[in-house]
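Undergrad: Dumping the structure here so I can ask a few things about it.
The values are calculated or read from the model by the stated rules, or taken from the named source; none is laboratory data. As the structure is a computational prediction, the values presented were derived from the model and not from experiment. Cβ sites come from the backbone with ideal geometry, for glycine too, and all protein chains shown count toward neighbours. Protein only, heavy atoms only, side chains kept; ligands, DNA and RNA dropped before computing areas. Shrake-Rupley method; radii C 1.70, N 1.55, O 1.52, S 1.80 Å.
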Amino acid sequence: RFLCLHEYVTTCLHGMTFLLSQTGVTISLSGNIARVCELTWKGKSALQACFAKKGEGLEKVSFFRDLDYRRQRMVAAQLRSRGVSDDRVLAAMEAVPRHLFVDEALASQAYEDHPVPIGHGQTLSQPYMVALMSSLLEVRPKDRILEIGTGSGYQAAVLAAMGAEVFTVERIKPLYQAARKRLLALRYFQVRPRLSDGTLGWPEAAPFDKIIVTAGGPEIPLPLVEQLADPGFLVMPVGRNRREQRLLRLVKRGGHTQVEDHGAVVFVDLVGAYGW
């Protein structure tokens, strides 16, 4: 299958520049792209738009292997193809360098379709799960969001890239220290980390427009429900079985709460006064 580009498109492949001429250059792809596309977009966004047309077979594209492309491929093949349609979520996950939130030795796995270990028995969630939970929050610019379970800081960075002010709580000191340093280095100044028991929330900063819990507990902690604004959303994996939870969204509106079930998930344990 072929893609024909009619304008100059400059992109980077391991430090090399490919110039696609105005007369039309045919690029051979080994993936299963269903048709010939004529494009007039410019720069890297042109390639992104091309690849987003068809998610299947992107793993077999034989050129453009750098991390920017892997991130674009992740968005196309793992998120769009599974129905993630929130433009803010997609843009944020394409912008945030996920590979910088894991150990350098695991950077090659950062954009794959599975969680990545970050030490201390914790993981960086699968890209699709980050996208799904972020979508359920229905983030809007200037939202004040409480995150329970900072981990590597990636989820907080995604929410910040969507325009939110993020208050994030981590109970494991080495993870808190590493995430704090990383978020500052990457200039996510609208993220405020804290070392504490996340099941207690952050009372002095409440109320929060949205709350996200990135670990599974036996029930939604009462302090978090109390610290949720009205109206507001709280997203959390919940289950009496530590290895089998349901992804729940609690909606608070008009003084009432309603819980929605968004399917089976498996997360690490939520540890604390209102957790395991």
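Undergrad: Residue pairs, Cβ under 9 Å, 6 or more apart or interchain, first in region 142-167 and in a strand (DSSP E or B), second modelled with pLDDT under 95 and among the polar types (S, T, N, Q). List them.
TA: Filtered contacts from region 142-167: no entries.
Undergrad: Okay, next question. Would you pick out the residues in region 61-100 that are at pLDDT 95 or above, touching a Gly at 6+ places or on another chain (Cβ under 6 Å) and open to solvent by less than 30 Å² (accessible area, probe 1.4 Å)?
TA: Of everything in region 61-100, those that are at pLDDT 95 or above, touching a Gly at 6+ places or on another chain (Cβ under 6 Å) and open to solvent by less than 30 Å² (accessible area, probe 1.4 Å) turn out to be ALA76, ALA77.
Undergrad: Shifting gears a bit: Would you pick out the residues in region 250-274 that are farther than 21 Å from GLY151 by Cα and of a type outside the set (Val, Ile, Thr)? It would help to see each step written out before you state the result.
TA: Residues of region 250-274 farther than 21 Å from GLY151 by Cα: 250-264.
Result: LEU250, LYS252, ARG253, GLY254, GLY255, HIS256, GLN258, GLU260, ASP261, HIS262, GLY263, ALA264.
Undergrad: Would you confirm, using the coordinates I've provided, whether VAL116 is without any contact (Cβ under 8 Å) to a residue 24 or more places away in the chain, buried (at least 21 other Cβ atoms within 10 Å of the Cβ), of a type in the set (A, V, I, L, M) and in contact with a helix residue (DSSP H, G or I) (Cβ under 9 Å, 6 or more places away or on another chain)?
TA: The answer is yes for VAL116.
Undergrad: Quick test of your reading of the structure: GLN22 fulfils all but one of (1) more than 26 Å from ASP261 (Cβ to Cβ); (2) part of a loop (DSSP other than H, G, I, E, B); (3) modelled with pLDDT of 95 or more. Name the failing condition by number.
TA: Status for GLN22: all satisfied but (3).
Undergrad: ALA131 passes all but one of (1) outside any helix (DSSP H, G or I); (2) at negative phi; (3) surrounded by 20 or more Cβ atoms within 10 Å (Cβ to Cβ); which number fails?
TA: With respect to (1) outside any helix (DSSP H, G or I); (2) at negative phi; (3) surrounded by 20 or more Cβ atoms within 10 Å (Cβ to Cβ), ALA131 is out only on (1).
Undergrad: Take the residues in region 207-224 that are in contact with a Leu (Cβ under 7 Å, 6 or more places away or on another chain) and farther than 18 Å from GLY121 by Cβ; name whichever of them is surrounded by the fewest Cβ atoms within 10 Å (Cβ to Cβ).
TA: Looking at residues that are in contact with a Leu (Cβ under 7 Å, 6 or more places away or on another chain) and farther than 18 Å from GLY121 by Cβ, I get PRO207.
Undergrad: Follow-up question, since we're still on this one. What pairs come out if I take residues in region 180-198 that are of a type in the set (Val, Ile, Thr) and pair them with residues that are assigned to a helix (DSSP H, G or I) and surrounded by 15 or more Cβ atoms within 10 Å (Cβ to Cβ) whose C-beta lies under 6 Å away, six or more apart or interchain?
TA: VAL191/ALA156; VAL191/ALA160; VAL191/LEU183
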